[in-house]
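Single-structure report; data block below.
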Amino acid sequence: MSSSLIVPVIDVQNDNFKELWPAIVLAIKTSSFVSLDTELSGLGNRRSLLAECIEDRYKAICHAARTRSILSLGIACYKKMDKKAADTYLVQVYNLTLLCSEEYIIEPQSVKFLVQHGFDFNKQYAQGVPYCKGNNKGGADYHGVSIRSLFTELLRARKPLVLHNGLIDMAFLYQCFYAHLPERLAAFTADLSEMFPAGIYDTKYATEFELRLTASYLEYAYKKCKLDNSRSVESGGPGAHIHLEFCLYAGQMSRYVDYRVCPAAVAPQGQPDVCQRFSAFGWCPNGSQCPSSHDTDLIILQDEKVQEDKKTKKKRKRNKRKGGDGRRDDGEPQNKVSHTEPVSEEPAPSEPLREPVASTEPGPGGAPSPGAGQPTAAEPAGNGVPEDGVISKPVEATDAASDAGAGQAGENAGDASTKAEDLKKKLEGGTHRAGFDAFMTGFIFAHACALCPKTEGAGGGEDDRWLPDCLNKVYLSGKSTPLNIVKSSFSKSSKAHTQKMEMVWGKSVAGALAERAQQGKQGE
C-alpha cells in the first residue's frame, strides 16, 4: 500500500557543531525552502495561549518565550532538483541539541512528557550548543559559529520558511536567536514579513484549508500525505507526486547520523479499538496507558473507510431518488470531530497548541552500527528488501545512486522490522524528534505544492510559486481565519528589529527593501 522510508537525521551537538557548520550553512543557502521545528521547555498557561483575543494570546506567547527556552531545533533543507523528474527534492535534515545559558523555566509536565518520549537531559546539559536569548551584545553574534549566527544565515538566505502550527515556534525563534519580542502583535508580524521576504508557510493551515484532511496534527498529516504520495507513485499514472533523495554519509560524518524509520502502512487484522481523542487531536491524556490504539496508520485507514462509507451512502441516496434499489443505509460512522481544538480542559504540553514534542530516542531501527549495511561513499545506497519484507526501498521515488555525492539513504535499518511494530503502536510521536518533525513538515509542504495547480507565469512558462493561497498565513487554534504575516499601513517594525536588520545586511532596512524591490522589477 505504501513503501517504508528511512530518513537520515544528523545529530548536532556542541562538540561537532563547528565541524558541521559549513555543511549546514551550505544546505540552507542552496535549498529551495527550509522547514523548522522546535522542542520547548514549556508553554506556560495553556488557557492564556488559547485566549479569544489574539492580542492577549500573543502576550501570553511572549511571556512563555521570554521565560522558557528552546531545547532542540530541527532543520530540514529541501532542494528541488532541476535535472530530475518533476518535484524531486534532495533533503538534508539536522537535529540540533541546544542549551540556554541563562536561567529559564522548565515545567514538570514538560519534563515528564519529554522523558517519556526519550529526551536525554543528561545529553542536553553535557553537549547542548549554548546560546543566550534576546538582543545580542555589540554584534558579536553575527560572527563565528553560534546558533544566533546560524539564524542570521537563514535570514540572509531569503528562503521560504515552513512550520507546522508555527506561531509559537516563530515567537520562540525570535526571542531566543534574534531579539526581544516586540510588545504588539502588529509589530511582530511586520518584523517577520521583512525577516522572511520569500514568505512563511504553515502546514497546519495548508492541511486544513488546502488539503482538507480529516485531522491536521503533524504525524497524521505527514503519514496521510506519504500514503497518498506512495499510491500515486505506485499507480504509475500522471498524477502529481514528489520524489526524495538523501545524501550518502560516510566516514566521520556517518557517526553523527541517526536513521529514522517510517514503516509502511499495513491494514490491520480485525477491528482494533481506536482512541477517539488521539484520532481527532493527536494527543490523549492517558498516553501509553490508554487501552485503545494510538496507531496513526490505523487511524488514517479507518478515516478513509469512513469517507468511502459516506460516498457509498450518498450514492445510494441518489440511486433511491432515481428509482434504484432503495436499500437502507445504517448511517455514517461518527468517529471524529474534525477541525476543532479541545479547550474545555488543561491540554498536554503538545496539544492542541503544538504537535507532540519531538523525541530524541533512537528510531525503531536505531543508528546502524559500523559495517552493518551502512552505505559508504564508494558504495551506493542499497535498494534491497530484508527477508522480513518490512523495510523496502527507502524512498518512494527516483534512484539517486548515480548522482555524485547524493543518493538515497541505504539499507540501514538492521532489525528495524521487529522493533518498529512494537514501538509505533502506542507511543505518541514514537518516530518524532525536532529534526524528523522538521522533515515531516517539509514533506507535507512539498506534497501540497505538487498538488497545487501550476499557472502560467509572465514568461509564458509555468509559474512555479509555492502555495499562493497559503502564503504568510499562520494557523490560529480555534479560529476560522489565519494570522496574516504582513506589514500594514497602521503598524511599523520594532526598533530592535530595525537595528538587527542593519547588522544582518550591513545597510538600513529602507535601503535593503528598496534594493529588494528593484531586484523584483528586474526579474519581471
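The values are calculated or read from the model by the stated rules, or taken from the named source; none is laboratory data. Treat the numbers as computed from the prediction; the structure is a model and nothing was measured. Every residue, glycine among them, receives a Cβ derived from its backbone with ideal geometry; neighbour counts consider all protein chains shown. Note: accessible area is taken over every heavy atom of the protein model, side chains too, but ligands, DNA and RNA are not part of it. Shrake-Rupley method; radii C 1.70, N 1.55, O 1.52, S 1.80 Å.
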I need the full set of residues from the stretch 480-492 which are open to solvent by less than 70 Å² (accessible area, probe 1.4 Å) and not in a loop (DSSP other than H, G, I, E, B), in order please. Leu483
Against the condition modelled with pLDDT of 90 or more, open to solvent by 20 Å² or more (accessible area, probe 1.4 Å) and of a type in the set (A, V, I, L, M, F, W, C), how does Leu513 come out, does it pass? no
Inspect the stretch 465-479 for any residue being among the hydrophobic types (A, V, I, L, M, F, W, C), at pLDDT below 90 and open to solvent by 50 Å² or more (accessible area, probe 1.4 Å) and give the result as yes or no. no
Number of positions in the stretch 1-31 that are more than 18 Å from the chain's Cα centre (by Cα) and open to solvent by 10 Å² or more (accessible area, probe 1.4 Å): 15
Of the residues in the stretch 76-92 that are modelled with pLDDT of 90 or more and open to solvent by 10 Å² or more (accessible area, probe 1.4 Å), the one that is farthest from Gly239 (Cα to Cα) is Gln92
Is it the case, given these coordinates, that Ala198 is assigned to a loop (DSSP other than H, G, I, E, B), in contact with a strand residue (DSSP E or B) (Cβ under 8 Å, 6 or more places away or on another chain), of a type in the set (A, V, I, L, M) and surrounded by fewer than 24 Cβ atoms within 10 Å (Cβ to Cβ)? yes
So for the stretch 140-156 (the condition being basic (Lys, Arg), without any contact (Cβ under 8 Å) to a residue 60 or more places away in the chain and over 23 Å from Cys100 (Cα atoms)), does at least one residue qualify? no
Give the stretch 201-230 a look and list any residue that's among the acidic types (Asp, Glu) and under 16 Å from the mean Cα position of the chain (by Cα), or say none. Asp202, Glu208, Glu219
Subset of the stretch 214-242 that is among the hydroxyl-bearing types (Ser, Thr, Tyr) and not in a loop (DSSP other than H, G, I, E, B) - its residue that is farthest from Thr441 (Cα to Cα): Ser235
With the requirement that a residue be closer than 24 Å to Gly282 by Cβ and crowded, with 23+ Cβ neighbours inside 10 Å, what does the stretch 224-258 give you? Lys224, Cys225, Lys226, Asn229, Ile242, Leu244
List the pairs whose first member sits in the stretch 446-472 and is assigned to a loop (DSSP other than H, G, I, E, B), whose second member is modelled with pLDDT under 65 and not hydrophobic (A, V, I, L, M, F, W, C), and whose Cβ atoms are under 7 Å apart, counting only residues at least 6 apart or on separate chains? Lys454/Glu462; Lys454/Asp463; Lys454/Asp464; Gly457/Asp463; Ala458/Glu524
May I ask you to list the residues in the stretch 289-307 that are assigned to a helix (DSSP H, G or I) and within 21 Å of Tyr222 (Cα to Cα)? Thr296, Asp297, Leu298, Ile299, Ile300, Leu301, Gln302, Asp303, Glu304, Lys305, Val306, Gln307
So is Ala64 of a type in the set (A, V, I, L, M, F, W, C), open to solvent by less than 10 Å² (accessible area, probe 1.4 Å), farther than 23 Å from Pro160 by Cβ and modelled with pLDDT of 95 or more or not? yes
Could you pull out the residue among Ile54, Ile106 that is touching a Ser or Thr at 6+ places or on another chain (Cβ under 7 Å) and either more than 23 Å from Thr441 (Cα to Cα) or free of Cβ contacts under 8 Å to residues at least 24 places away in the same chain (or both)? Ile106
Identify all residues within the stretch 182-195 that are under 14 Å from Lys59 (Cα atoms) and in a helix (DSSP H, G or I); write none if there are none. Leu185, Ala186, Ala187, Phe188, Thr189
Mind checking which residues of the stretch 306-321 are of a type outside the set (Val, Ile, Thr), under 27 Å from Ala215 (Cβ atoms) and open to solvent by less than 70 Å² (accessible area, probe 1.4 Å)? Asp309, Lys310, Lys313
Of all residues in the stretch 201-211, which are over 15 Å from Ala450 (Cβ atoms) and either modelled with pLDDT under 90 or assigned to a helix (DSSP H, G or I) (or both)? Lys204, Tyr205, Glu208, Phe209
